[in-house]
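Before any comments, here is the structure.
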Amino acid sequence: MNNVRGKVILGSFIHSTNRGKVELLKNALVLINTDGKIIELIESSEPGYSSALKKSQSSNSLYEISSHQYIVPGFTDLHIHAPQWPQLGKALDVPLEVWLQKYTFPLEAKYCDENFARMVYSDLVATLLKSGTTTAVYYGTIHQKANQILADICLNKGQRAIIGKVVMDNPEECPEYYRDSSTQSALEGTSNFLNYVKNHPKNIDHKVDVAVTPRFIPSCTDEVLQELGKLAKGNSTYVQTHCSESDWEHNYVINRCGKSDTEALMDYGLLNQSTILAHANFISENDMELIKEEGAGIAHCPLSNFFFSDAVFPLRRALEKGLRVGLGTDIAGGPSPSIFDSGRSAISSARALENGVDPSINRDQRGRKDSRIDFSDAFYLATKGGADVLNIPTGSFEKEKHFDALLIDTQVDNAKISIHEDVDNDQDVIQKMVMLATRSNIVRTWVSGLSV
Ligand code: GUN
Ligand code: FE
């Protein structure tokens, strides 16, 4: 079975439409139109079920999955550096500010070579689709051609993507070999890339979009940040940047701007409903309020935070305050391409924040109370939470959403997930999937009903 446009799928669906609730709907029907959007989800107990089932059988449009298969919404990776793919799994030994200069800028500088970009980006996008990422929010590099190649590849392979030309024009923080040659050229590069993507002949259904992308405040001059704020507003584009990631980064901004990242971004005109802030580990209560008021979203990247952030993001606090949050891999700060891994790391790091980690400290003082999250939060963040940060109609199987989905098989030879009807209730099945599923369990990925 390949594409499911115009089909009716019968089987077990798992989705979360709100934080705190994940449902397993057995023997449900999902009707998909010829554009790949969901017409309706009908549960077996609902009135129209039998007639819809009969109709799909007689019109030969029924697609039934097996009893050990489950369909879940595709994942959104809210924060990933495409050029860092060759660095995955290495260079995790030094702090952020050293890592950038020692490993990351030299690697990203190589994308002046178009062939290198094409080879890496093809492999990356294919791997992400196999890993369940149907939407990715990418940082590219400073190079026009390499960024265009990434957009072309996403369009050719059918991945939904938001891509940013990375802006870094500050001579004090960026080496000469990898820096926008001037503030003006950084702005022109951003506009040119925007025009390339908006006018791309293959981008008719707008699967690929653009984000204005100041790398982070330290990499950028005040002038470029101000102008990018205007550019983003004028073109109603997404904005993505790193925010209060580590002690060094957070303090650098306080020293230079006299305020936090969040407050400074606000003043540059870069904080709004289309902003994706990566990390935000060191945000204050006041910053949280500001982020909530402006409606910006947060890309929580727990695996990367273990290595580069010096602390754990107060995820539960942010969720309970009503902030919009999803997950990111932050490749290659985080050494895994899988949003399943991000979700599991979010669970473990929130538990570490709650319990504390230093055994020499008294148990009562070791951690921060009420910080844990559970598998249902992780599932929500990976699917609906991420889609909501981007304001796109994906992430659940509700009417009118795009059918971006994964077929999970629990019985594949090399990655079996043991489910026992006698002892596992519906929530147990979901928890096992969140905790145990790997890339091998994902046997098909659809974007807008097309198999990719
Ligand atoms: N801050 C600025 N650039 C980067 C990057 O590439 N990765 C991470 N994790 N933080 C950054
Ligand atoms: Fe990052």
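The values are calculated or read from the model by the stated rules, or taken from the named source; none is laboratory data. What you are looking at is a predicted structure, and each value in this text was computed from that prediction instead of being measured. Here Cβ is always computed from backbone atoms with ideal geometry, including for glycine, and neighbour counts include all displayed protein chains.
Sort out which residues of segment 60-78 are surrounded by 17 or more Cβ atoms within 10 Å (Cβ to Cβ) and more than 22 Å from PHE306 (Cβ to Cβ), and write them in order of number. Let's see the steps before the verdict.
If we filter segment 60-78 for residues that are surrounded by 17 or more Cβ atoms within 10 Å (Cβ to Cβ), which is where we start, we get 62, 65, 69-78.
Scanning segment 60-78 gives LEU62, ILE65, GLN69, TYR70, ILE71, VAL72, PRO73, GLY74.
Taking the conditions (1) surrounded by fewer than 21 Cβ atoms within 10 Å (Cβ to Cβ); (2) modelled with pLDDT of 95 or more; (3) of a type in the set (Asp, Glu) in turn, ASP413 satisfies each one other than (2).
For segment 255-290, the candidate set comprises residues that are away from ligand 1 (no atom under 16 Å from the Cβ), surrounded by fewer than 21 Cβ atoms within 10 Å (Cβ to Cβ) and among the aliphatic types (A, V, I, L, M); within that set, the residue that is farthest from THR76 (Cα to Cα) is LEU290. Residue check: is ASP123 assigned to a loop (DSSP other than H, G, I, E, B), surrounded by fewer than 23 Cβ atoms within 10 Å (Cβ to Cβ) and more than 16 Å from ligand 2 (Cβ to nearest atom)? Answer is no for this residue. Pairs meeting the criteria (first residue in segment 319-331 and under 14 Å from HIS79 (Cβ atoms) and outside any loop (DSSP other than H, G, I, E, B), second residue polar (S, T, N, Q) and more than 10 Å from ligand 1 (Cβ to nearest atom), beta carbons under 8 Å, at least 6 apart or on different chains) are GLY326/THR76; LEU327/THR76; LEU327/SER342.
Selection of segment 214-242 for residues being within 20 Å of ALA161 (Cβ to Cβ) and of a type in the set (Gly, Ala, Ser) yields ALA232, SER236.
When you look at GLY328, is it at pLDDT 95 or above, within 16 Å of ligand 1 (Cβ to nearest atom) and surrounded by 24 or more Cβ atoms within 10 Å (Cβ to Cβ), yes or no? Show your work before the answer.
On the way: at pLDDT 95 or above: yes; within 16 Å of ligand 1 (Cβ to nearest atom): yes; surrounded by 24 or more Cβ atoms within 10 Å (Cβ to Cβ): yes.
Taking the combined requirement at face value, the residue satisfies it.
When segment 292-307 is limited to residues that are more than 11 Å from ligand 2 (Cβ to nearest atom) and of a type in the set (A, V, I, L, M), the one that is surrounded by the most Cβ atoms within 10 Å (Cβ to Cβ) turns out to be ILE298. Residues that are hydrophobic (A, V, I, L, M, F, W, C) and either modelled with pLDDT under 95 or near ligand 1 (Cβ under 8 Å from one of its atoms) (or both) were ranked within segment 79-104; the one that is surrounded by the fewest Cβ atoms within 10 Å (Cβ to Cβ) is TRP99.
Screening ASP310 on (1) surrounded by fewer than 24 Cβ atoms within 10 Å (Cβ to Cβ); (2) within 16 Å of ligand 1 (Cβ to nearest atom); (3) on the phi < 0 side of the Ramachandran plot; (4) not hydrophobic (A, V, I, L, M, F, W, C) shows it passes everything except condition (3).
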